[in-house]
Amino acid sequence: MTMKKLHACLVAAVLLGAQAAAFADDAATKNYPSQPIKLMVPWPPGGGVDTTARIVSDLLGQRLGHPFVVDNRAGAGGNIGTELAARQKPDGYNLLMSSISPNAVNVSLYNKLGFDPVKDFEPIIYVSAVPNILVVPASSPFKSVKDVIDAARANPGKLNYASGGVGSSQHLAAVQFATAAKLDIVHVPYKGTSPAESDLAAGHVSLMLDTTTCLPFIAAGRMRALAVASKQRNPALPDVPTFDEAGLKGVYASSWYGLSAPAGTPRPIIDKLNAEANAVLKSPELQKRMAAFGAEIGGGTPEDYGRFMASETRRYAEIVRISGVKLD
């Protein structure tokens, strides 16, 4: 065989191999899913991200005909599990429950990340959000946002606020509140939300911009809710005004959650997951289960979610700057 014929044969073999691989990829995409799907949750079991992930993945798995397997990999403000998710095979069988800290805040909060929240992921859908709520102990004299502001201004540096830790959603929500109201209040960071809530309920701290994990404390009469940091009232607290309604404009803070996939996941798979997730988010069963902890339901296109994350990243860059916090 001449060199020319040998070269032609090699070219033909390469082309046939590429065509076969493309055909296999197309078949795999068309038949997706054909096996269980792993959903990385970069937070411990029982929290808001984990609870949302389990509700959504349960119903989504039923629609797709294959179960989701939740994999909790907590640590470093969501960074450990998110970095691990970024390194998974982009085949549609490895997804991430993305959330506000690792996918918007941490790029400004941490000196170094092991992943790029934009380049390393494909957005699928914005799932839901739970707003931060200004709460005080039931024994507190404060009955309104105005009461808190008046007391803080009359006694600079005397009132304090709890959070689940430096750089946590409660911390940065309180930074927004203090900045908007021009207050000097002292941060008391705890090692997690639960001890912060316990001390607040016991009256050891003045206030907290908590997430909806405080709802049981409110229902039990151990905390008083004064305002919700969202643009509309929350269905779980219909009698509690927004900060806007309370006279303090622009305090918006929510812990939000969505579905993402490693960069390079085929677009047909992204579109299928988006369509099925949108259907799940509209289902009465999901809405009933999510309403139990004050969740606001999302939806929309992958591009909608991508634009939302980009806008939150820009917004929190300024909030983190104001807080003066940097973490290694």
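Residues are listed down the side, and each one gets a yes or a no for (1) touching a Leu at 6+ places or on another chain (Cβ under 9 Å); (2) buried (at least 17 other Cβ atoms within 10 Å of the Cβ); (3) closer than 20 Å to GLY77 by Cα:
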position	(1), (2), (3)
SER101	yes, yes, yes
ASP120	no, yes, yes
PRO141	no, no, no
GLN176	yes, yes, yes
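When residues of the stretch 145-173 are filtered for being among the small types (Gly, Ala, Ser) and open to solvent by 40 Å² or more (accessible area, probe 1.4 Å), how many remain?
Taking the stretch 145-173 first, the residues among the small types (Gly, Ala, Ser) are 151-152, 154, 157, 162-165, 167-169, 173.
Then keep just the ones that are open to solvent by 40 Å² or more (accessible area, probe 1.4 Å); that gives 154.
Of the residues in that region, 1 qualify.
What's the total number of residues in the stretch 100-146 that are over 13 Å from the mean Cα position of the chain (by Cα) and either over 19 Å from ALA53 (Cβ atoms) or of a type in the set (D, E, K, R) (or both)?
27
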**Request:** Give the residue, chosen from GLY221, GLY299, GLY294, GLY247, that is surrounded by 13 or more Cβ atoms within 10 Å (Cβ to Cβ), assigned to a loop (DSSP other than H, G, I, E, B) and out of contact with any strand residue (DSSP E or B) (no Cβ under 9 Å at 6 or more places or on another chain).
**Result:** GLY247
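Keeping to the stretch 102-129, report how many residues are among the aliphatic types (A, V, I, L, M) and part of a helix (DSSP H, G or I). I'd like the intermediate steps shown before the answer.
Start the filter on the stretch 102-129 by keeping residues that are among the aliphatic types (A, V, I, L, M), which leaves 104-105, 107, 109, 113, 118, 124-125, 127, 129.
Those left that are additionally part of a helix (DSSP H, G or I): 104-105, 107, 109.
The qualifying residues number 4.
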**Message:** Considering only the stretch 258-268, I want to know if a residue exists there that is more than 18 Å from the chain's Cα centre (by Cα) and among the polar types (S, T, N, Q).
**Reply:** yes
**Asked** If only one of GLY221, GLY258, GLY250 is of a type outside the set (Ser, Thr, Tyr) and under 30 Å from LYS38 (Cβ atoms), which one is it?
**Response** GLY258
**Complete:** Residue pairs qualifying under the 8 Å Cβ cut-off, at least six apart or on distinct chains, with the first in the stretch 304-318 being under 21 Å from LEU259 (Cβ atoms) and of a type outside the set (Phe, Trp, Tyr) and the second being open to solvent by 40 Å² or more (accessible area, probe 1.4 Å) and in a helix (DSSP H, G or I), are THR313/VAL107
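The values are calculated or read from the model by the stated rules, or taken from the named source; none is laboratory data. This structure is a prediction, so every number in the text was calculated from the model and none was measured. Note that each Cβ is placed from the backbone with ideal geometry, even for glycine, and that neighbours are counted across all protein chains shown. Ligands, DNA and RNA are stripped out before the accessible areas are found, and what is left, the full protein with its side chains, is counted by its heavy atoms. Shrake-Rupley method; radii C 1.70, N 1.55, O 1.52, S 1.80 Å.
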